[in-house]
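Right, one structure below, let's go through it.
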Amino acid sequence: MEAVLMQRAAAAWSLCAGKAASLVGHGQRPGVVRLGVAQRAAAGTGSVRARMGPVRAHVSEERSTEEAAVGEYEDEDAVSAVMSLFVGLPEDVVCPDGRAVSRPRAVRAALRALKLLGVDGVELPVSWAVAQQAGEHAFEWAGYLAAAGMVRDAGLGLRVSLRTDGPALPAWAADPDALVADREGNRREGCLSFAVDELPVLGGKSPVEAYEALFRCFGDAFADFMGPTVTDVTVSLGPNGELRYPSYPPGSGADTNAYAGAGEFQCYDKHALASLKRHAESSGQPLWGLSGPHDGPRYDDEAPDSSAFFRSPGGSWNTAYGEFFLSWYAGELLAHGDRVLAAASRAFAGKPVQLSAKVPLLLPHGSRAAEATAGFHGGYGPVAEMFARHGCTVIASGSSPVVEVEEVLARVKGACAEHGARLALESAPLAVARDGDAGAWAKLVSGDERTAPCQFTYQRMGARSLGARTMRRLAACLSIVQHLQSSSPPYAHDMRLSKQRSPPKWEGAKHLDREVVVVHTEEPTLSQDPIEPSDRERVVRTCAT
């Protein structure tokens, strides 16, 4: 199994590296996402290589040597940061009882394959339902600790996602009356109402208190991994881990961007309605707090004008009542995020990890209705300000090389730049890198010192994600992002070979700082065969050493 995975990874990387190099070109110079060439030339490349995958370490070393010789430097502020590359591990990487790693041999092989592909680390999803199955004070971390040990042994970094939503919500915490509900009374499984954050609905404890207990116990259990291995901790703020209301139809699954409708308001559980009533009474308009909008959108309303509430002109959204309701609705979401991030900040205070949380890239772009039902009536600015206040990285979730995502991400980047929040990206599930995608990916990962992402996570490996097709997808996506970070790929100088160019032939390996750095010795040639079997075998033999 391990040999097969290593062969797939090597073949996938070799197949995609040359293609990515040609895609990045066409006269473009993605200088805004270049690595810190001048700083490395002055201080040496060893410390940088330690934070980079082997292929990128070699490429960056070669480029820094070449450019240091010719003095070809751009704006130092724009090139000083290195964007880390991560890949999400399977959701079921740990057994359901939390005591061991599922398929440990396959996991070790996958980690070695990812190391070969040049990633910096992996994302480990930690389920609250697995870690705390038996209720208060009973935590089981053995399986997750074993997984963290495998990651450390593989020489990779680790971003941990503490999931408290969906299937990760423990059965003992899923009180039906505390769940989010839509207008028809449908309760959203695994999503606690934001109105119960500070209410004792979990056996005498509030959800925020339970979250903080989880965070603290995790921090204590993983103290030996904090810093050297665990560099980032991501906390869940809502459905699919994102700060948002579950405004999409029930059963949509994790890929919420597949839903193109306006969505529905999610404020009809008894606790949310009580909060709305109190807010209306304090505003001097008690009748406005009897229920949510009677003319609000439905799940099957694809166009914003389909509902009277968002009709333009003449919609209720543009009235005093509309502003009252939308401001309260968005305010409840922000208050929830603020409470959870405050709890996380307290729990991880003084620990050498970066706190982060996910924010959705809401589609369809420009839809006032879709943003409002998800809780973003005020746009991304208030969200970025709240994240920055807690020193929390904004993870833009659902990144993919399509125009709609580019436009929404540009707004997120602008909000983060304005309020000083760090930005990271997370791909849509199993994002595909196709011919012609390099320019779109460049727009996603590029930026100046204020807007360039600090991290990119590819989601996600799964039960079938170690197959050849998925490894090719992963390698293609990562190779494009990696080459976008280097000023110019070492074998991308002839852009006329964009369609038929085969990857370079690889030969030998240099052991630098205990990393295997693959070195190419022959220039690519025009060929219909993307990689010869003999070359593939040579790569596998080289990497196996």
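Suppose R0 equals 51 Å. What FRET efficiency, 1/(1 + (r/R0)^6) with r the Cβ-Cβ distance, do Tyr321 and Ser102 give to the nearest 0.05?
Details: r = 52 Å, r/R0 = 1.01.
Calculated transfer efficiency: 0.50.
Measuring with a 1.4 Å probe in the full set of protein chains, what accessible area per residue, in whole Å², belongs to the range 256-392?
Details: 5470 Å² over 137 residues.
Value returned for the range 256-392: 40 Å² of accessible area per residue.
Say the cut-off is 32 Å between C-alpha atoms; which of Lys115/Lys205; Lys277/Lys358; Lys270/Lys413; Lys277/Lys351; Lys270/Lys358 go over it?
On the way: Lys115/Lys205 42 Å; Lys277/Lys358 30 Å; Lys270/Lys413 36 Å; Lys277/Lys351 41 Å; Lys270/Lys358 27 Å.
Over 32 Å Cα-Cα: Lys115/Lys205; Lys270/Lys413; Lys277/Lys351.
Which FRET efficiency, nearest 0.05, do Glu418 and Arg216 yield, Cβ-Cβ r, R0 30 Å?
0.35
Give me, ordered by chain and number, the residues 5 or more places off Val87 or on other chains with an amide H under 5 Å from its own placed amide H.
Correct list: Gly121, Val122, Glu123, Tyr458.
On a full-extension model of 0.36 nm per residue, what is the gain between Leu287 and Glu404, subtracting their alpha-carbon distance, rounded to one decimal in nm?
Values: separation 117, 0.36 × 117 = 42.12 nm, distance 3.88 nm.
Working it through step by step, the gained length comes to 38.2 nm.
Pulled fully out, how much extra length does the chain show between Ala134 and Asp224, if you take 0.36 nm times their separation in residues and subtract their Cα-Cα distance? Please report the intermediate quantities before stating the final value.
Numbers: separation 90, 0.36 × 90 = 32.40 nm, distance 2.53 nm.
Length gained, Ala134 through Asp224: 29.9 nm.
Which cross-chain or sequence-distant (5 or more) residues have an amide H under 5 Å from the amide H of Glu189, H modelled 1.01 Å from N in plane?
none
Put +1 on the Cβ of every Lys and Arg and -1 on every Asp and Glu Cβ in the range 302-377; which of Phe325, Ala347, His377 then has its Cα farthest towards the positive end of the dipole?
Positive-end residue among those listed: Ala347.
Taking the range 104-207, which GluC sites (Glu not before Pro) meet the DSSP loop condition and have no more than 14 other C-beta atoms within 10 Å?
Hits after loop and neighbour filter: Glu136, Glu184, Glu198.
Work out from phi, with θ = phi - 60° and the Karplus expression 6.51 cos²θ - 1.76 cosθ + 1.60, the ³J(HN,Hα) of each residue of the range 228-236, listed in order in whole Hz, and give x for Gly and Pro.
Karplus values, whole Hz, x for Gly and Pro: x, 10, 7, 9, 9, 10, 9, 9, 7.
Where Lys and Arg each count +1 and Asp and Glu each count -1, what net charge lies around Ala223 among other residues with Cβ under 13 Å from its Cβ? Each step should come with its number before you reach the end.
Numbers: positive: Arg216, Lys351; negative: Asp220, Asp224.
Neighbourhood net charge equals 0.
Residue-wise, which Karplus ³J(HN,Hα) couplings in Hz belong to the range 260-272, taking 6.51 cos²θ - 1.76 cosθ + 1.60, θ = phi - 60°, and x for glycine or proline?
My calculation for the range 260-272 gives 10, x, 6, x, 10, 5, 10, 9, 10, 6, 5, 6, 5 Hz in order.
Taking θ = phi - 60°, what integer Hz values does the Karplus form 6.51 cos²θ - 1.76 cosθ + 1.60 yield along the range 117-123, in sequence order, with x for Gly and Pro?
Running phi through 6.51 cos²θ - 1.76 cosθ + 1.60 with θ = phi - 60° gives 6, x, 6, 8, x, 10, 9 Hz.
Would you mind checking which residues have amide H under 5 Å from Val359's amide H? H placed 1.01 Å from N; only 5 or more apart, or other chain.
Leu243, Ile395, Ala396, Ser397
Once you keep just the Cα pairs under 8 angstrom separated by 6 or more residues, what percentage relative contact order results for the range 179-270? Show your work: numbers first, answer last.
On the way: 87 pairs, mean separation 32.4, N = 92.
Once normalised by length, the contact order is 35 percent.
The values are calculated or read from the model by the stated rules, or taken from the named source; none is laboratory data. These numbers come from a predicted model, not from an experiment. So basically every Cβ, Gly included, is an ideal-geometry build from the backbone, and we count neighbours across all protein chains shown. Accessible surface areas use protein heavy atoms only, side chains included; no ligands, DNA or RNA. Shrake-Rupley method; radii C 1.70, N 1.55, O 1.52, S 1.80 Å.
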